[in-house]
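Enquirer: Submitted below is the structure of interest, expressed as structure tokens.
Read-outs throughout are calculated quantities, based only on the coordinates presented, and are distinct from any laboratory measurement. Please read all numbers here as calculations on a predicted model, not as lab measurements. Every residue, glycine among them, receives a Cβ derived from its backbone with ideal geometry; neighbour counts consider all protein chains shown.
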Amino acid sequence: MTIAKELEITQDTVQDVEENVILPPSNLYSDEPPLETELHLEEIILLLKCLKWLWRDRSDFYAAGNLTIYYSLQKLKNKDFRGPDFFVVLDTERKTRKSWTVWEENGKYPNLILEILSPSTADTDKNFKKTLYQNTFRTPDYFWFDPESLEFEGFHLVDGKYEALQPNAQGHLWSQQLGLYLGVYQGLVRFFTPDGQLVPTPEESAEQERERAERLAAKLRELNIDPDTI
């Protein structure tokens, strides 16, 4: 057989393979139903604002809420995909996305997921989704929160199985992935630093700075020092 003939066969074979290979879709839009209550929306916004403000100098994470995670072509075909209420992926590019598509993200799944319970979703979140996140996603940290009853539970993946997290003295649960505590504060889940300090929103942080400035000014006036000269 001549070299030219071999090349012809090779090229024909490559063409046949290319025509029969089904490439996974990309650039998929999120396909999540509307949030069930105003509390769901408030909780998601709060978590996103606080984490993004705390990590404002970092570019190696992605956090989102009520966004579809596409992880299986078969599930995509059957419209059986999942969109956690809140999730965080570490060691990835911080940019805007239409969805989280695992095969477009180097096979990465969330490092942390939090589901907000409701009467219609609680059973699914506590059973089906817990099993999915444990066995398929292999998500290390999983939490759920009921904004009505304030039930708050967390789990960490140990040897392939979720083990319940034990609260500290303040009732907060530790996230090994984020290096932060999560706990209920004024009826919603918030982040806390390792030493127990509440992670503020940008607005709360600005208010704290204003109050500190006022206290300093008052102290200077007590010492007969004009604050404007400092």
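Enquirer: Out of Thr37, Ile113, Gly171, whose Cα points farthest toward the positive end of the dipole of region 21-199 (charges: +1 Lys, Arg; -1 Asp, Glu; placed on Cβ)?
Expert: Value computed over the given set: Ile113.
Enquirer: Take Asp123 and Val158, extend 7 Å from each Cα along the Cα→Cβ direction, and tell me the distance between the two endpoints in nm.
Expert: 3.0 nm
Enquirer: Moving to a separate point now. Cα-based count: Lys pairs in region 21-199 below 21 Å, eight or more positions apart or different chains?
Expert: Taking the Cα cut-off of 21 Å, the pair count is 25.
Enquirer: A follow-up question, please. Under 14 Å from a label point 7 Å along Cα→Cβ of Val102: give me every residue in region 121-149 with its amide N that close.
Expert: Backbone N within reach: 129-140.
Enquirer: Round to the nearest 0.05 the FRET efficiency obtained for Lys52 and Gln197 when R0 = 22 Å and r is the Cβ-Cβ distance. Don't skip to the end; give the middle numbers.
Expert: Values: r = 18 Å, r/R0 = 0.80.
That gives a FRET efficiency of 0.80.
Enquirer: Another question, if that's okay. Considering all alpha-carbon pairs of region 21-199, what whole percent are spaced by more than 23 angstrom? Could the numbers behind the result be given before it?
Expert: Details: 6164 of 15931 pairs.
Cα-Cα pairs of region 21-199 separated by over 23 Å account for 39 percent.
Enquirer: What distance in nm lies between label points placed 7 Å from Cα along the C-beta direction at Asn168 and Glu204?
Expert: In this crude spin-label approximation the distance works out to 1.5 nm.
Enquirer: Further, regarding this structure: So how far apart, in nm, are the two label points at Ala213 and Asp91 if each is 7 Å from Cα heading toward Cβ?
Expert: 4.1 nm
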